[in-house]
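The values are calculated or read from the model by the stated rules, or taken from the named source; none is laboratory data. Note that the coordinates shown come from a computational prediction; the quantities given were computed from them, not determined experimentally. Reconstructed Cβ throughout: ideal geometry from the backbone, glycine too, with neighbour counts over all protein chains shown.
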Amino acid sequence: MSNNPLTKDSKIPRPFLKWAGGKRQLLFELEKRLPHSILESGIIDRYVEPFVGGGAMFFYLENNYQVKKSILMDVNVELIMTYRVIQNDSKHLISILKDIEDKHLQKSEEDRKKNYYSIRDEFNTQLDEIDYLHYDHDWIQRAAHLIFLNKTCFNGLFRLNSKGEFNVPFGRYQNPTICDEPNLKSAHDSLKKTELLCTDFTQSQQFIDEGTLVYLDPPYRPLNNTSHFTGYSRDGFTDDDQKKLAEFYKKMDKKGAQLILSNSDPKNHDQKDDFFDKLYYGYNIERVPAKRNINSKTSRRGEIKELIIRNYSY
Ligand SMILES: C[S@@+](CC[C@H](N)C(=O)[O-])C[C@H]1O[C@@H](n2cnc3c(N)ncnc32)[C@H](O)[C@@H]1O
């Protein structure tokens, strides 16, 4: 159990990828709101995270609590493939990544850039050849390339276009750590008791029971300053999906699970926007300070808040 979650977060394991919407900044607020029984005992019997992304919360809990069983999910096939490679073949992955790192860092800036684009091209060309359904040796090389691209691309964000291609440009870093061996080894150890699934969040219900701790961190609701149209989301997660998620939340609540959900607060941009207040009416809705880089007028005007919604208050 932790006294100071923020310093503890620098320990390993921590996310092995920088991920859009990563929750490392919110860990302090989330941990304070864990069920008392968990804070007191330090034990989590079953943990389910249906939108795992970079897994900031999962790795944090692994670091500071005894998590007996965990189930992690995400719809992103490349992401879950990489988790599974770390789970099954971390040694081989580390040796490929070390080799990539050594070669890359020896190059001049211009040659690093060429190397980046050549690996990016290879990554995108392989799209049609990879069998994402069955674990395969080819996945190891691909996971290494994904980590390389994540560590060396502009802004360090993994983003795919509508064709599933990785299209982020080269980023300039002096000495990027491409192969973080201690963290990859530690992440491998954490994933030993973990089930990894590439699927829609609704499929997690079969793993959720009375007493299961579920952390839900769906894609942010898109900002909607100028119109009332809310159907579009770059991540493909629409307001209808948010509604579907709220229905799912209610269903899991009835099962007796302990649920924590985080989301962007639309009130940051429009005080009258009570979309989530209506969807989660009757639950424990809190607005907590968040450190987020949002390029908008609102972020300059005041503090950005994040929503944390729980179905318990103990
Ligand atoms: C805000 S991110 C999660 C970030 C994560 N908490 C972290 O710390 O890195 C949301 C994730 O949901 C995934 N996602 C989007 N739609 C989904 C769906 N229908 N079912 C499951 N996962 C989904 C995205 O691929 C993305 O990784």
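How many residues are under 30 Å from E247 (Cα atoms) and in contact (Cβ under 8 Å) with a residue 40 or more places away in the chain when one looks only at the stretch 157-205?
Qualifying residue count for the region: 17.
If I119 passes every condition in (1) over 21 Å from P182 (Cβ atoms); (2) within 21 Å of the chain's Cα centre (by Cα) but one, which one does it miss?
Only one criterion in (1) over 21 Å from P182 (Cβ atoms); (2) within 21 Å of the chain's Cα centre (by Cα) is unmet by I119, namely (2).
When you go through (1) in the same structural domain as R33 (by TED's automatic domain parsing); (2) in contact with a strand residue (DSSP E or B) (Cβ under 6 Å, 6 or more places away or on another chain); (3) at pLDDT 95 or above one by one for T194, which number turns out not to apply?
The single condition T194 does not satisfy is (1).
Counting just the residues of the stretch 53-98 that are without any contact (Cβ under 8 Å) to a residue 40 or more places away in the chain and either buried (at least 23 other Cβ atoms within 10 Å of the Cβ) or within 13 Å of the chain's Cα centre (by Cα) (or both), which one comes out farthest from the ligand (Cβ to nearest atom)?
Among those residues, the one meeting the criterion is L61.
Counting only residues that are over 18 Å from D111 (Cα atoms) and over 19 Å from the mean Cα position of the chain (by Cα), how many does the stretch 143-184 have?
7
When only residues in the stretch 113-171 that are among the basic types (K, R) and assigned to a loop (DSSP other than H, G, I, E, B) count, which is nearest to P15 (Cα to Cα)?
R159
Among the residues of the stretch 213-228, count how many are hydroxyl-bearing (S, T, Y), at pLDDT 90 or above and assigned to a loop (DSSP other than H, G, I, E, B).
Here the count works out to 0.
Cβ-Cβ distance below 6 Å, separation of 6 or more or different chains: which pairs start in the stretch 122-141 with a residue that is closer than 14 Å to L79 by Cα and end on one that is at pLDDT below 95 and hydrophobic (A, V, I, L, M, F, W, C)?
F123/F166; Y132/V77
Looking at (1) assigned by TED's automatic domain parsing to the domain that holds P289; (2) buried (at least 18 other Cβ atoms within 10 Å of the Cβ); (3) in contact with a Leu (Cβ under 6 Å, 6 or more places away or on another chain), can you tell me which one A20 breaks?
(2)
Consider V48 carefully, then state whether it is crowded, with 23+ Cβ neighbours inside 10 Å and in a loop (DSSP other than H, G, I, E, B).
no
Quick one: E210 ticks every box in (1) exposed (fewer than 14 other Cβ atoms within 10 Å of the Cβ); (2) in a helix (DSSP H, G or I) except a single one, so which number is it?
Every listed condition holds for E210 apart from (2).
Is the stretch 144-154 home to any residue that is out of contact with any strand residue (DSSP E or B) (no Cβ under 9 Å at 6 or more places or on another chain), closer than 23 Å to P169 by Cβ and loosely packed, with under 14 Cβ neighbours inside 10 Å?
No, the stretch 144-154 has no match at all.
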